[in-house]
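What follows is one structure encoded as structure tokens, with my remarks underneath.
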Amino acid sequence: MTISFIGHGYVGLVSAAVFADLGNTVWVIGHTPEKVNNLKKGIIPIYEPGLEELVKRNVDAGRLLFTMDYAPSINESDVVFIAVGTPPKQSGEADLAVVMDVAQKVGKHLDGYTVVNVKSTVPVGTNRRVKALIEEVKPTNATFDIASVPEFLREGQAISDTLHPDRVVIGTESKRAEEKLVELHKPLMVKGTGEAPGNHLFLCNIETAEMVKYASNAFLSVKISFANAIAQLSELTGANGIDVLEAIGLDKRIGTAFLNPGAGYGGSCFPKDVKALIAIAREYNYDFKLLKEVEQVNQDAIMGIVTKAKKLLADDVQGKTIGVLGLSFKPDTDDMRDAPSVIIIKELLAQGATIRSFDPIALENGKKILKDAKNVHFAKDAYDVATDADLLIVVTEWNEFKQLDLAKVKSLMRSPNLIDGRNIYEPEKAKALGFTYLGVGRQ
Ligand SMILES: NC(=O)c1ccc[n+]([C@@H]2O[C@H](COP(=O)([O-])OP(=O)(O)OC[C@H]3O[C@@H](n4cnc5c(N)ncnc54)[C@H](O)[C@@H]3O)[C@@H](O)[C@H]2O)c1
């Protein structure tokens, strides 16, 4: 098949590279000459494990093509995916300006029969708006169907998630579009008839597909905030929150995933999608109180790290040097969108601290985001962060932080205060080394 992706971010580029690797001819349409030229040489604008190799291999094989032009890419395509960003507006609603802009360009270049999919996360009703827009601008001889095929990949594991999805959700009212999309996704499906993940091509109507994506992310956010609420209560009561959450997760109806308390969720999806679902509900006069509380608990979890910092520094943050390990919103990505680290660092700076920070991959993005902040120093590694620090905070659980030589870390610090915002260390070991240790949900 010949397919096109509009957008070469975490979703567009990964999906494009995987479909090219499966033997399709894949066009990727970008809008910045520098990035498109780099992509043609196999230089990618984001960090995602394994992606650069996958892109290079398929560029070299001539199956993955980058362009700024909608012709011939769209004219030649059987299937088109819109995979541009849908950032939040001030009101929390998803900003659909880019989706609508590129949909119009796609529409003008349709030729023959094409299935146009919105892969970006968009509010219920958007696909029908896209359909109406394309109807208006398309050439008279072109025919098309619209489908909502939301994306569920996780940054850091995006290639494997795309190759082995738990489910592929296809929302369309056209049998012809459904058949085309089933054919395209078939190589991703696990053979057999059991209940295993990967067997599920989930066919539904457009509105359902649009809603599934928001509902998934909202539910995962609920789990994280629930874990953080239990952690907070455990700290107050003397229970071990980590054990409580592990024990409840062993119940098959609950499951252990996404029940890790810590410094709150962030990233390009959960914060914006929770906000967007609250905004969608508002539009339909439903007050989504549950999700409003999820946001509040998450904010409390992030700020809880600052409260712990003040506690360990006896309420005297002014002039103290605080080391921050990890900047990206989670490990294995350079994505800094809505990263808890930024909120924590800004709050500690406002209280007079000097920050030393390091991230194995997101350091450059961190420098850009914090470029106007005074008193932030970027270190060369974790030990450099610890040097002369009065307090060390783990914000992102990168693997390379998990087995640091903590005795060496302690010897470099001015005061051995450690906040383990992701619970990666054994409290007893840290305490035995002489650290004053605080995790999340642990005594
Ligand atoms: N990142 C994730 O983990 C993830 C997972 C599932 C779904 N999503 C959703 O997928 C969508 C894309 O997310 P993302 O993380 O890939 O975003 P991103 O910011 O990484 O990528 C967006 C891409 O759109 C491109 N773009 C912007 N304006 C354009 C234009 N006018 N013409 C062509 N391209 C343009 C950008 O250059 C960029 O390549 C969002 O709706 C997001 O919510 C993201």
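For the range 17-76, what Kirkwood radius comes out of the mean inverse Cα-Cα distance, in Å?
Details: mean 1/r = 0.0862 Å⁻¹.
That comes to 11.6 Å for the range 17-76.
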**Asked** For the range 205-443, what is one quarter of the convex hull surface built on the Cα atoms, given in nm²?
**Response** 14.2 nm²
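Neighbouring Cβ atoms within 10 Å as the yardstick, rank K346, K213 fewest first.
Working: K346 16, K213 25.
Neighbour counts put them in this order, fewest first: K346, K213.
How high is the relative contact order of the chain, in percent, with contacts defined as C-alpha pairs under 8 Å that are six or more residues apart? Walk me through the numbers before you get to the answer.
Values: 898 pairs, mean separation 51.2, N = 443.
Relative contact order of the chain: 12 percent.
Which value results when the Cα radius of gyration for the range 309-443 is divided by 2.2 N^0.38 Å?
On the way: Rg = 13.5 Å, N = 135, 2.2 N^0.38 = 14.2 Å.
For the range 309-443, the normalised Cα radius of gyration is 0.95.
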**Prompt:** For the chain, what ratio Rg/Rh do Cα atoms give with a Kirkwood hydrodynamic radius?
**Reply:** 1.01
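Of K40/K105; K213/K252; K371/K429; K311/K380, which ones are farther than 25 Å apart at the Cα?
Values: K40/K105 22 Å; K213/K252 23 Å; K371/K429 36 Å; K311/K380 28 Å.
Check vs 25 Å cut-off fails for K371/K429; K311/K380.
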**Prompt:** What is the pair-distance distribution P(r) of the range 96-207, computed from all Cα-Cα distances in 10 Å bins starting at 0, with each bin given as a whole percent?
**Reply:** 14, 41, 33, 11, 1
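Just list whichever of K41/K138; K41/K367; K223/K275 have alpha carbons separated by over 23 Å in the model shown.
Working: K41/K138 33 Å; K41/K367 26 Å; K223/K275 16 Å.
Where the Cα-Cα span goes over 23 Å, the pairs concerned are K41/K138; K41/K367.
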**Prompt:** Between N75, N298, N117, which gets the highest mean-square fluctuation from a Gaussian network model of the chain, Cα cutoff 10 Å?
**Reply:** N75
**Item:** the chain - charge dipole about Cα centre, Lys and Arg +1 at Cβ, Asp and Glu -1, debye rounded to 20
**Value:** 400 debye
**Asked** Taking Rh as the Kirkwood radius computed over C-alpha pairs, what is the Stokes-Einstein D of the range 36-170 at 25 °C in a medium of viscosity 0.890 mPa s, expressed in µm² per second?
**Response** 150 µm²/s
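Would you calculate a helix-derived [θ] at 222 nm for the chain, using -39,500 (n - 2.57) for each DSSP H run of n ≥ 4 and dividing by the full residue count, to the nearest 500? All intermediate terms of the calculation are to be shown ahead of the outcome.
On the way: 18 runs with 194 residues, N = 443.
When only DSSP H runs of four or more count, the value is -13000 deg cm²/dmol.
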**Request:** Would you mind telling me which residue in Y113, Y383, Y284 has the biggest mean-square fluctuation in a Gaussian network model of the chain, where springs connect alpha carbons within a distance under 10 angstrom?
**Result:** Y284
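If you average the sequence gap of Cα pairs under 8 Å that are 6 or more apart and divide by the length of the range 2-203, what percent do you get for the contact order?
Details: 384 pairs, mean separation 37.2, N = 202.
The value is 18 percent.
Provide L412, L418, L290 in ascending order of the number of other Cβ atoms located within 10 Å of each residue's Cβ, fewest first.
Working: L412 18, L418 27, L290 12.
Least crowded to most crowded, the residues run L290, L412, L418.
What helices does the chain hold that run 30 Å or longer along their axis, going by alpha-carbon atoms, with a Kyte-Doolittle average of 0.0 or more, using DSSP H for the helix calls? Show your work: numbers first, answer last.
Details: long enough: 206-237 (47 Å, 0.53); 289-312 (34 Å, -0.13).
The qualifying helices are 206-237.
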**Item:** Relative contact order of the range 265-331, pairs being alpha-carbon contacts under 8 Å that are 6 or more residues apart, as %
**Value:** 38 percent
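Averaged over every viewing direction, what's the projected area of the C-alpha convex hull for the range 121-169? Give it in nm², one decimal, please. The partial results should precede the final answer.
Values: hull surface 18.9 nm².
Taking the Cα atoms of the range 121-169, their convex hull projects to 4.7 nm² on average.
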**Fill in**
log10 I(q)/I(0) for the range 142-264, Debye formula on C-alpha points only (no solvent), q = 0.09, 0.14 Å⁻¹, two decimals, reads -0.37, -0.75
**Prompt:** Between rounded, prolate and oblate, where does the range 279-363 land on the alpha carbon gyration tensor, with a ≥ b ≥ c its root eigenvalues, rounded for a/c under 1.5, else prolate if a/b exceeds b/c?
**Reply:** oblate
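Counting every Cα pair in the range 262-312, what percent are over 13 Å apart? Walk me through the numbers on the way to the answer.
Details: 783 of 1275 pairs.
In whole percent, the share of Cα-Cα pairs in the range 262-312 beyond 13 Å is 61.
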**Asked** GNM, the chain, Cα, under 10 Å: largest mean-square fluctuation among G125, G266, G92?
**Response** G125
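Every number in this text was worked out from the coordinates using simple rules, so none of it is lab data. These figures come from a predicted structure and were not determined experimentally. Neighbour counts are summed over all protein chains in view; Cβ atoms, including those assigned to glycine, are modelled from backbone coordinates with ideal geometry.
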